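Report on one structure; see the data block that follows.
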Amino acid sequence: MKFLILSDLHLGRQLHRYSLQEEQAEMLERIRLIAQAEKPQAVLIAGDVYDRSVPPVYATQLLDTFLAALTRETTVCVINGNHDSAERLSFLSGPLQESGLHISPVYRGQVTPVTLVDDAGPVDVWLLPFLKAATVRPFFPEENIETTNDAVNCAIRHMTINPTRRNVLVAHQFVAGGALSGSEETLFYATAEVNVGGSDLVEARCFAPFDLVALGHLHRRQNVGSERIHYCGTPMAYDFSEAGMEKSVTIAELSADHSVTLRHETIPAPRRLAEVKGRFEEVTGEAFLRHADRDAYTHVILTDDTPIPDVMNRLRQVYPRITHLDWDNARTREAEDFSTAVDANKHTPLSLFEAFYQQANGMDMSEEQTHYMERLIREIWEDRA
């Protein structure tokens, strides 16, 4: 059985002050053409369909047009990610099944598979929406659910999985061993997953019952452990750290013997992301501009040590789509060196609090105090993630 896998569309996203509506429309059209050519039995969309829980109107219109086109050709299965509102995305999910569109409902303690059939027999596709401990805990009060790993483990254990059939899971979680790229929210959500004892990481062994796991959440295309557990990544770049990174959708084929093969169809960038670095005279000079893509969204890094009057307006005349300007010179490097003795992004919330406590009280926290702070930090992060 053939699947087309995509995730993290982030419809409605902006790149600094620029709307990406035009680029996202082109991206979706390219995916539609791939689906038309590949003729998969199902398209799997692994979460973060929208960039925020209340998307702009144009984003909902883009999704409506896209899903309508896909469901005329094949079955479509969609789950919500951490950026989506589960309630809004799953609205009318029941009636829409008649059209071949299956959207994960709000999690209520059970998951019912979408069963597809090919010449080799049935394939159960399980749609597991984005979970955290607070989502699952109310439905299984007798179980000890402290972490996201506990939550996902619990949810999967309570699925009525038939091991004699082929089973596919669509999920949106951070699996241990996955590699981040810049467009994940590394200052808040993503760092939470290595903070607080790794409470938001999910272990790959949770997915043992499944022949294929189609994952969303991480924006870099990658496998975790084997081809069986796969992130397809975003179909377009959303951060300058991804400039030049190949973006694609994944074609997965699940054989009668439960084996999986993957290949990738590239999605050309509707408009490039580019970084230019150097002195003002260099990056605006004819020799430099001869090789520059001036239509790209451009991040400029200037190395001049002296201020430049009206610098943004002058740069905008050369780079019409400049997104932002940074400086890398003696002054900024000195400021970085002396701004703080502690880089908060390299420490967990608990270790930062322990350092503060020790400095304020002249002693280390007790074991009881440490356990209390671990629980408190975990509860706060669950409410905000």
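The values are calculated or read from the model by the stated rules, or taken from the named source; none is laboratory data. Here the structure is a predicted model, which means the values were calculated and not measured. Heads up, the Cβs are rebuilt from the backbone with ideal geometry, glycines too, and the neighbour counts pull from every protein chain shown. To get the accessible areas, we keep the full protein, side chains included, count just its heavy atoms, and leave off ligands, DNA and RNA. Shrake-Rupley method; radii C 1.70, N 1.55, O 1.52, S 1.80 Å.
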Per the rule of 0.36 nm per residue minus the C-alpha distance, extending ALA68 to ALA208 adds in nm 47.0 nm
A student applying the Cα gyration tensor rule (rounded when a/c is under 1.5; otherwise prolate if a/b is larger than b/c, oblate if not) would label the chain oblate
From highest to lowest solvent-accessible area (probe 1.4 Å; ligands, DNA and RNA excluded), ARG331, ARG72, ARG166 read ARG72, ARG331, ARG166
Excluding ligands, DNA and RNA, the carbon-plus-sulfur percentage of the accessible area of the chain with a 1.4 Å probe reads 50 percent
Largest fluctuation, SER255, SER366, SER99 only, Gaussian network model of the chain with Cα springs under 10 angstrom, belongs to SER366
Probe 1.4 Å, all chains present, heavy atoms only: GLU368 accessible area in Å², nearest 10, is 150 Å²
Mean separation of Cα contacts under 8 Å (at least 6 apart) over the residue count of the stretch 225-299, i.e. the relative contact order in percent, is 26 percent
By the Cα gyration tensor axes a ≥ b ≥ c (a/c under 1.5 gives rounded; else a/b larger than b/c gives prolate, otherwise oblate), the shape of the stretch 67-180 is prolate
Of all DSSP beta bridges with both partners in the stretch 9-81, the antiparallel percent, nearest 5, is 25 percent
Under 29 Å between C-alpha atoms, the lysine pairs in the chain lying 8 or more places apart or on different chains count 8
With +1 on the Cβ of every Lys and Arg and -1 on the Cβ of every Asp and Glu, the dipole magnitude of the chain about its Cα centre, in debye rounded to the nearest 20, is 980 debye
Ranking LEU96, LEU116 from most to least accessible area with a 1.4 Å probe gives LEU96, LEU116
So, relative contact order of the chain in percent, Cα under 8 Å, 6 or more apart, is 14 percent
Rounded to the nearest 10 Å², the 1.4 Å probe accessible area of ILE377 is 20 Å²
Probe 1.4 Å, all chains present, heavy atoms only: PHE280 accessible area in Å², nearest 10, is 20 Å²
GNM of the chain, Cα pairs under 10 angstrom: of LEU212, LEU131, LEU63, the biggest fluctuation goes to LEU63
Over the chain, with neighbouring protein chains present, the accessible area per residue in Å² at probe 1.4 Å is 48 Å²
